[in-house]
Structure formats: C-alpha cells, structure tokens
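Contents: one structure, followed by commentary.
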Number of protein chains: 2
Amino acid sequence: MAEIEVGRSILEANDKLAGQHRERFAASGVKVLNLISSPGAGKTSVLEQTLKRLQGRLNCAVIEGDIQTDEDARRVAACGVPAVQIQTQGACHLDGVMINEALAALDLASLDLLIIENVGNLVCPVDFDLGEDMKVAVLSVTEGDDKPSKYPALFQQAGVLLVNKVDLLPYIDCDMERIHRTCHQLNPEQKVFDLSCRTGEGLDPWVDWLTGWAKG
Amino acid sequence: MAEIEVGRSILEANDKLAGQHRERFAASGVKVLNLISSPGAGKTSVLEQTLKRLQGRLNCAVIEGDIQTDEDARRVAACGVPAVQIQTQGACHLDGVMINEALAALDLASLDLLIIENVGNLVCPVDFDLGEDMKVAVLSVTEGDDKPSKYPALFQQAGVLLVNKVDLLPYIDCDMERIHRTCHQLNPEQKVFDLSCRTGEGLDPWVDWLTGWAKG
C-alpha cells in the first residue's frame, strides 16, 4: 500500500512537470513525439530514416534516452540533426526531470518537431508523460504477433504504430493480421504503417503523414 | 531522495523474501532459473524447446510472468509440465511476493528444476532477486549487437546467455563477434550458447549443459 501511494506521488509530480513542458512546447510551436518500443525494435533506425527524409521539410531535434552509451545520439547527430543524450544510469524510462535538463540544450523556437527516443522498454515508459503530443509505438515483426495483447498499455495509448522489419516476414512465423487486428481493437483511431528500415519499404507514407501532422 | 530511499526499502524487503525462497529451494533440492529478456527475444520458445528435451531427464515446473494473458502458461502446459501463471497487471517485473503466491501451487519436493519466466523487460527484472540460483539472459540476434553494451546489468549478472534466432543472421546486420566480445568483457565466467528455436540448432548443447548443472 505504501508502495502504491509513493508510486502515485511520483507519477503526480511527473504529470505536473509534463504539463509545464506541454505548455512550453505549444508556446514554441513545436510538435513532440515520444518514441517507445522494446529494446532492438528499431527505434534508432526508424529515427535515422525518418530524419533523412524530413531534411528540408521540417526543422527537427532529438532527445535520446539510453541507460548507457551515447551511441544512439551519435547516430542521430550524423543525420545533421541536434541530438541531446540522456544517460539514465540504470533507470528504465525517461521522466520529466530528465526532459527538463535536456531542454536546456535545445532552442525550441527554431524547431518544428522534437522526437524523444525513450529507453527500450515496452512497459515503464508508458506511465511517464513527457509532455509529448503523441506516443509512437515501434514493434518489430520478429518480436512476435502476440506482443500487443501481452503488453497492451503502449498499443492502447500510441497514436501511431510503426510495424518494423517487414523484410523479415518470409523467414519468421508472424501473423501481421493478428498485429493489425489486436491494435485496432485496443485503439481504433491509431494510424498504422508497416515498414522496413533495411529496404526503405513503407517509410515514405509514414514520413509524408508525419510532415502533415507536424504542420497541422 | 525520497524516491531513492523508498526504492531501497522495496528492494530490501524483496531481498529478504528472496533469501527465504532461496533457503526453501535448497531444502527441497530444486534448482531455480530466472529467465530474462526483452519482449519477443524468444523466452517462451526457448522454454518449450528446453522442456521437450528435458523430458525423462529432469522433473521440471515453470512459473510464467506476464503483464496480461495466460498464453505463455498454456504453451508451457502443452509440454506436459506444471505451469503457474502470474499476471502482473501492469507491473514490469516479478517480485518475491508474486513468487511466494505462485509457490503455493507447486510441490517443490517433487522437482529437480524450476524455471521462472520473467516479464519481457531488459531492465527492471534484473534488480529483483527471486531467490534463483542463476539468471539466464536470452538475446535475439534481431535486437542488434549493441544491446549488451546498452543494457549491461543483465549481461553482467547472467550465468548463462542464450543468443537466439541465429537462423536469421543471413538476413540482418548483426555482428555475433561483438555480442560475444561485449558479454565476455561484462562477465568472463558466463556460459554462452548460440541457438535457433526454429531450426533446433544449438539447443542440445544447452540442454545437456543445463542437465549437468541441475544435477550438480
């Protein structure tokens, strides 16, 4: 019971900070995505492919959340986009305090789109509002078609689902229909894009949609 | 600061329960594994393939941790092995209290090996000792060769690493050498088995080793 109470007060404090960040983002006219997935679903690859296609269309920046290493921030910076690395030192999700520190390094007024890449974790990041406009879920087909029903919270809350690594479908047992059906049941409003960062398949429709959304 | 203190007291309470379970396991002569991985790395498939090969060699039972659904427990029960499902209802890891409840449904004295399949999460389960003799990490090659350095805690603590889905290596960019090298740096004592639940490759050496370990 004490654990639940404390958990609630931590989430309340985080929600308060998220509300402040949401106001700041709106005042600066920047749209914000919170990118969430399992480790290895391909968040950073999706980010690289997306940023390349957004060049000249939107001014972007990235906040990179990792437990250890700054490898992802370096990959993103190589795309010519400002990238701020947060190393959580063991923490399993990003929170408002970390975002607050990262924002000090960014000029929000110059941006159209800020993408926050969360720690690879299908569970904990979902509970921590970062002030984003939308959560984007990345699911790789190699994780299996049972994941949306086994980890429903993210798939319920994500405005967009990116189903990645579809180039591997011929070599694995994965029922795409089941993924689509389960996610539609969990969130009928969700936009779904099937794609492969390896072949490039499906990336243009996603980036076109994202451009429209960010400008809207 | 309050958060850190509370976190510590939760972990201390869990450690105490884990110590009691560890004594109970030892008194019953049952060896216990704590199976940890990302969602979709293939824990349940590894479990199915392992249990089939252990038939007639070891008396096994399984505790299945999932956030939602009892799909995994049904898959394990289909292997003819007692399976107890824990649905964590949103919690991102198993803890001592959950294990305590599950143990009420098992006859430990009749078992040689108890395998606990944790919630799919590369981060949080590592902090919660369940009284196991050994943590077993499952990493699928599709998650990428950077995962051990980005999520080092599990790979440091796991006595065994199972590198799964090696049948997909021809279709992806994954440097097996890097996985082996990083894990060896993190834990030079770790036993490593490369395997594929789809082709069966590498499963016999792992199960032979496990049989010897459980009887030892």
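The values are calculated or read from the model by the stated rules, or taken from the named source; none is laboratory data. Note that this is a predicted model, so its numbers are computed, not measured. So basically every Cβ, Gly included, is an ideal-geometry build from the backbone, and we count neighbours across all protein chains shown.
Data for the structure
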{"quantity": "Single residue of A:Asn59, A:Asn14 found to be surrounded by 16 or more Cβ atoms within 10 Å (Cβ to Cβ), farther than 30 Å from B:Ile172 by Cβ and within 12 Å of chain B (Cβ to nearest Cβ)", "calculated": "A:Asn14"}
{"quantity": "Qualifying positions in the range A:142-174 - acidic (Asp, Glu), assigned to a loop (DSSP other than H, G, I, E, B) and more than 7 Å from chain B (Cβ to nearest Cβ)", "calculated": "A:Asp145, A:Asp173"}
{"quantity": "The range A:88-115, subset within 11 Å of another protein chain (Cβ to nearest Cβ) and surrounded by fewer than 16 Cβ atoms within 10 Å (Cβ to Cβ), residue modelled with the highest pLDDT", "calculated": "A:Val97"}
{"quantity": "Number of the condition not met by B:Glu12 [criteria: (1) at pLDDT below 95; (2) touching a Leu at 6+ places or on another chain (Cβ under 7 Å)]", "calculated": "(2)"}
{"quantity": "Residue, nearest to A:Gln156 (Cα to Cα), within the range B:69-99, restricted to residues that are among the small types (Gly, Ala, Ser) and free of Cβ contacts under 8 Å to residues at least 60 places away in the same chain", "calculated": "B:Gly90"}
{"quantity": "Qualifying residue in the range A:189-199 (condition: over 24 Å from A:Arg53 (Cβ atoms) and not aromatic (Phe, Trp, Tyr))", "calculated": "yes"}
{"quantity": "Residues that are crowded, with 24+ Cβ neighbours inside 10 Å, assigned to a strand (DSSP E or B) and not aliphatic (A, V, I, L, M), drawn from the range A:18-56", "calculated": "A:Asn34, A:Ser37"}
{"quantity": "Qualifying position, being under 26 Å from B:Gly212 (Cβ atoms) and part of a loop (DSSP other than H, G, I, E, B), among B:Val76, B:Val136, B:Val81", "calculated": "B:Val81"}
{"quantity": "Where B:Ile179 falls short, out of the listed (1) of a type in the set (Val, Ile, Thr); (2) within 12 Å of B:Leu161 (Cα to Cα); (3) surrounded by fewer than 19 Cβ atoms within 10 Å (Cβ to Cβ)", "calculated": "(3)"}
{"quantity": "Matching residues, the range A:46-83, being in contact with a Gly (Cβ under 8 Å, 6 or more places away or on another chain) and farther than 19 Å from B:Gly144 by Cβ", "calculated": "A:Gln55"}
{"quantity": "Count - residues of the range A:181-216 that are of a type in the set (A, V, I, L, M), part of a loop (DSSP other than H, G, I, E, B) and in contact with a Cys (Cβ under 9 Å, 6 or more places away or on another chain)", "calculated": "0"}
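To keep it simple, each residue is scored yes or no on (1) within 30 Å of B:Leu168 (Cα to Cα); (2) touching a helix residue (DSSP H, G or I) at 6+ places or on another chain (Cβ under 6 Å); (3) aliphatic (A, V, I, L, M).
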| position | (1), (2), (3) |
| --- | --- |
| A:Val84 | no, yes, yes |
| A:Val97 | no, no, yes |
| A:Ile115 | no, no, yes |
| A:Val138 | yes, yes, yes |
